[in-house]
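I have placed the structure first, in the form of structure tokens, so that the comments after it can refer back to it.
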Amino acid sequence: MALDLTTAWALLLAFAVFVYVVLDGFDLGLGILYPFFPEKQDRDLMMNSVAPVWDGNETWLVLGGGGLFAAFPLAYAIILPATYPLIIAMLLALVFRGVAFEFRWRSVGMFSRRTWDLAFMGGSTVAALAQGMTLGTLLQGITVEGRAYAGGWWDWLTPFTLLCGASVVVGYALLGACWLNLKTEGEIQERARWLARIAGLVTVGGIVAVSAATPFLETAYFERWLVWPGILEVAIVPVLVAVLTLWLARALTFGKGPDWLPLVLALGLFLLCFAGLGVSMWPYVIPPSVTLQEAAAPEKSQMFMFVGAVVLVPIILAYTAYAYWVFRGKMKLGEGYH
Amino acid sequence: MDTFLGLDATLLARIQFGFTVSFHFIFPAISIGLASYLAVLNGLYLWTKDAAYRDVFNFWVKIFAIAFGMGVVSGIVMSYQFGTNWSVFSDLAGPVVGPLMAYEVLTAFFLEAGFLGIMLFGREKVGPGLHMFATAMVAVGTAISATWILSVNSWMQTPQGFGVNADGQFIPEDWWAIVFTPSFPYRLAHTLTAAYLTTAFIVGGVGGWQLLRGRVHNAAARRMFSMAMWMIVVTAPLQVMVGHEHGLNTLEHQPVKIAAMEGHFHSHEDGAPLILFGLPDQEAGEMRYELSIPHLSSVIFGLGWNGAMEGLDVVPDEEEPPVAVIFWSFRVMVGLGFLMVGAGLWGLVSRWRGNLYASPWLWRAMVAMGPSGLVAVIAGWITTEVGRQPYVVYNQLRTADAVSPLGASAVGWSLIAFIVIYFAVFGAGVLYILRLMHREPDLGEPDVDAEPGPTRAAGITPQQQFDRGRSAPAE
């Protein structure tokens, strides 16, 4: 695997999508957890904890989509029609949850605060579900003829994609609960930690189930994961998952260690899932039909963007980190955000 | 043929794109202008220490937060819709337009979103200097965003600097030529000026409304009205000139679009008339009930009294864009443009006579014209986008050949979902914005983030505070 420009772009896009999961995962997770916090003051606090940063978080999704369009236009042109209902559902769900940040405080007339609470909750959950199902659709393989999607219109709806969707919903809920553990104290933190234990358990169950099903989707996956001697190399991923799971369980059960530890460990689990996904899919961008090289934009396109991305992404990360730093620290009940 | 409610998949995809992009553009048109206005207000406040500037800032920043949020979520829809509904376009044109859009994300979207939180929430946390910097970065971000996306649109209107490979993909050859296409500077100037003018009319309309409500002694209400009238008297005539230059550029590069805008079905060898009104009959290729001024079109385009202008008859029927839509949307835009110039002059005369704050009829006119910028902007985009049909990349790729291989029912249902949800959600947002515009600007209002109260986000005053006079909060 020589590090050519196309590979570099694949890594950069994987990085963008992972940053999206890191930042918007807990953000969406808060909406998924809304039903467990029925009190208005708790909901205010949860929403205020991400209000200054949520649109920056979602911008990474735009970079993921825009980057795919620019660096791998063929993949963008095949995946999005193949998952059309999922993408439309995700976009509309993001509309609902995004406007709730402002509208919730303005509610009047036929749309009460509860309406926008519901929009935040439903929007976050549907967006997470659609993202997981899109991933599942991609992983289970997309039928391609020529340069276009050639599968059926319900290919995205299978037990496997539903499993992936549900796993992402619970996984984001885990991230949301760990974020609350970091940003709150007292009763709300207690409840967040309790929710994190449950969500953590279900998330690991989801990881195990998806991992067990994946090798049987394509023979290539089977050979990559379960054939000697390659198994020795790739086995490091499940081993690390087991280690992190135990560590997370310990941190959440005994409550010792810093409050950021569970969030970091949960993100570690996501990173390992990401690595696992990479092991399965490489060198395809659309298994089993289109490789990264086949979908790649011409070198002149990739190079034009790469120069800018190498300079700009670190700057973006720096001022994003600064924004988080400005709004660091515990949220206080009754004090609002400020 | 595969249809949904009698419409084929391509037409449905076009309606969906037109609907979602029109809805979307309303918000950036406001936020480009408002972001700059807010940066100016904040800067003037820090410089002069005149509290009225801060009061106007605090009044508009809440409206900006809502408009910006709606712009973000409707914008995410746009960034994915190229792939969902125009997958052939994405595959073929992606190597050229994709990187420009990626640069928009990297240089603009992150900048706006990254500093927005500090602008809205952070004045107390970071101090006035960094808060000013964050406010300026948001304003700069909106302008950079407009620059890249107009570069993309301009390449699609006047493409150059590319080759075509074996797969039929457009391949970049000269990035400089791709970014700076012939129509780009004109389109950028015209669109940015439009955003500033649109915002000036919204601010002026709200100022007029405040004055009509008997708030003449509210310094913030007077200040916003006065600033808007200055802005209008400068930018409205400027916009007419920029628009004219843009028209000359379009005549050079897209003469068929001009023929449709002017309603010229026939070529004119010795001076083309300016058709003021008429009913275009594209089937017959004629303008019915035409009311026109001889030779004036040729004169306006600088071709002289007897300058020749080509009509739609120089291209085959299947190369003609739909004339009626373009003919009328163009007239709506230009008509509003001249009304705007008139409103600016009225304000200037009123100011010169010293009765800017004693002219109820001017205030009423400004309230009536509050949304005029938005209408003109949408009409202008309809003119230019419909005007390049039947092509999506002008003279290179037909719209009908660029669409995703989706069934008509899939697109039909998503279109219905977009229409229902956009009207409900953004309708609610517009309602909230109107309520904020309606309330009297607070004088000496504490800084947005120093306000007390448990339930606040994005510079928001709790319901019970701004609903003074109402017996109970809406909840």
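When the dipole is taken about the Cα centre of the stretch A:197-338, and only Lys, Arg (+1) and Asp, Glu (-1) are charged at their Cβ, what size is it in debye, to the nearest 20?
That gives the stretch A:197-338 a dipole magnitude of about 660 debye.
When you look at the Cβ of every residue in A:311-324, what mean number of other chain Cβ atoms sits within 10 Å?
Mean shielding count: 4.
With only Lys, Arg, Asp and Glu charged, each at its Cβ (+1 for the first two, -1 for the last two), find how big the charge dipole of the stretch A:23-303 is about the Cα centre; round to the nearest 20 debye.
Value, rounded to 20: 480 debye.
Let me know the mean shielding of B:66-76 by other chains, meaning the per-residue number of their Cβ atoms within 10 Å of its Cβ.
For peptide B:66-76, the averaged partner shielding equals 6.
Among the listed pairs A:40/A:183; A:330/B:49; A:40/B:62, give every one whose C-alpha distance is greater than 25 Å.
Those over the limit are A:330/B:49.
Does chain B classify as rounded, prolate or oblate by the C-alpha gyration tensor (a ≥ b ≥ c root eigenvalues; a/c under 1.5 gives rounded; else a/b over b/c gives prolate, otherwise oblate)?
Here chain B falls in the prolate category.
With a 10 Å Cβ neighbour count serving as the proxy for reagent exposure, in which order, fewest first, do A:265, B:374 appear?
B:374, A:265
Need one value for A:47-56: mean number of C-beta atoms belonging to other chains within 10 Å of its residues' C-beta atoms.
6
Using helices alone, what [θ] at 222 nm do you get for chain B, with -39,500 (n - 2.57) per DSSP H run of 4 or more residues, divided over all residues and rounded to the nearest 500?
-22500 deg cm²/dmol
Using a simple charge model, +1 on the beta-carbon of Lys and Arg, -1 on the beta-carbon of Asp and Glu, nothing else, what dipole does the protein assembly as shown show about its Cα centre, in debye to the nearest 20?
Charge dipole, the protein assembly as shown, about its Cα centre: 3300 debye, nearest 20.
Taking chain A as the reference, fit the longest principal axis to its C-alpha atoms, fit the long axis of helix A:299-326 to the helix C-alpha atoms, and give the angle between the two in degrees, 0 to 90, nearest 10.
20
Using θ = phi - 60° and the Karplus curve 6.51 cos²θ - 1.76 cosθ + 1.60, what whole-Hz ³J(HN,Hα) does each residue of the stretch A:171-179 get, with Gly and Pro shown as x?
Those phi angles translate into x, 5, 4, 4, 4, x, 5, 5, 4 Hz.
Mind listing the long-range amide H neighbours of residue B:391? Cut-off is under 5 Å, sequence gap 5 or more, other chains count too, H placed in the peptide plane at 1.01 Å from N.
B:399
I need the per residue convex hull volume for the stretch B:371-421, using only the alpha carbons, in cubic angstrom as a whole number.
Considering the Cα atoms of the stretch B:371-421, their hull volume per residue is 90 Å³.
Can you list the aspartates and glutamates whose alpha carbon is less than 15 Å from that of residue A:256, not counting same-chain residues fewer than 8 positions off?
Hits, sequence-local ones excluded: A:185, A:190.
Arrange A:178, A:273 by Cβ neighbour counts within 10 Å, fewest through most, would you?
So the residues, fewest neighbours to most, are A:273, A:178.
Under the Kirkwood approximation applied to all pairs of distinct alpha-carbon atoms, what is the hydrodynamic radius of the protein assembly as shown in Å?
Every distinct Cα pair counted, the radius reaches 28.1 Å.
More than 17 Å apart: what percent of Cα pairs in the stretch B:269-323 qualify?
The answer is 44 percent, as a whole percent.
How would you classify the stretch B:129-209 from its alpha-carbon gyration tensor, with a ≥ b ≥ c the square roots of the eigenvalues: rounded for a/c under 1.5, else prolate if a/b is greater than b/c, otherwise oblate?
Taking the square roots of the gyration eigenvalues as a ≥ b ≥ c, the stretch B:129-209 is prolate.
Once the dipole of the stretch A:23-303 is set up with Lys and Arg at +1 and Asp and Glu at -1 on Cβ about the Cα centre, which of A:74, A:219, A:241 lies farthest towards its positive end?
Value computed over the given set: A:241.
Assign one of three labels to the stretch B:28-138, namely rounded, prolate or oblate, based on the Cα gyration tensor with a ≥ b ≥ c the square roots of its eigenvalues; rounded applies when a/c is under 1.5, prolate when it is not and a/b is larger than b/c, and oblate otherwise.
Because a/c hits 1.5 or more and a/b exceeds b/c, the stretch B:28-138 counts as prolate.
Using square roots of five times the C-alpha gyration tensor eigenvalues, list the equivalent-ellipsoid semi-axes of the stretch A:79-183 in whole Å, biggest first.
Square roots of five times the eigenvalues give 31, 17, 10 Å.
In terms of modelled amide H atoms, which long-range or inter-chain residues lie less than 5 Å from the amide H of residue A:144?
A:150
Using only DSSP helix segments of four residues or longer, with each worth -39500 (n - 2.57), what per-residue ellipticity at 222 nm results for chain A after dividing by its residue count and rounding to 500?
Value at 222 nm, helices only, nearest 500: -25000 deg cm²/dmol.
Please name whichever of B:261, B:117, B:188 sits farthest to the positive end of the charge dipole of chain B, dipole taken about the Cα centre and charges placed at Cβ: Lys and Arg +1, Asp and Glu -1.
B:117
In whole Hz, what ³J(HN,Hα) sequence does the stretch B:134-148 give by Karplus (6.51, -1.76, 1.60; θ = phi - 60°), x for Gly and Pro?
4, 4, 5, 5, 4, 5, 4, x, 4, 6, 5, 4, 4, 4, 5
Set Lys and Arg Cβ to +1 and Asp and Glu Cβ to -1, take the dipole of the protein assembly as shown about its Cα centre, and tell me which of B:414, A:56, B:212 lies farthest positive.
The residue sitting most towards the positive pole is B:212.
Out of A:237, A:227, A:99, any idea which swings most in a Gaussian network model of chain A, alpha carbons joined below 10 Å?
Answer for the Gaussian network model of chain A: A:227.
Which whole-Hz ³J(HN,Hα) couplings does the stretch A:76-93 yield from phi under the Karplus relation 6.51 cos²θ - 1.76 cosθ + 1.60, θ = phi - 60°, glycine and proline marked x?
4, 6, 9, 5, 5, x, 5, 10, 3, x, 5, 5, 4, 4, 5, 4, 5, 5
Which three lengths, in whole Å and largest first, does the stretch A:232-338 cover when its Cα atoms are put on their principal axes?
The Cα atoms of the stretch A:232-338 stretch 54, 39, 20 Å along the principal axes, largest first.
Per residue, how big is the convex hull of the stretch B:231-275 when only Cα atoms are used? Give it in Å³.
92
Counting only other residues whose beta carbon sits under 11 Å from that of residue B:72, what net charge do I get with K and R as +1, D and E as -1?
Surrounding charge for residue B:72 is -4.
I need two numbers for the stretch A:23-303: Rg to one decimal and Dmax as a whole number, Cα atoms only, in Å.
In order Rg, Dmax, the Cα atoms of the stretch A:23-303 give 19.8, 66 Å.
Values quoted throughout were computed directly from the atomic coordinates according to the rules given, and no laboratory measurement underlies them. In this text the structure is predicted, and so the values were computed from the model without any measurement. As a convention, Cβ positions derive from the backbone with ideal geometry for all residues, glycine included, and neighbour counts pool all protein chains shown.
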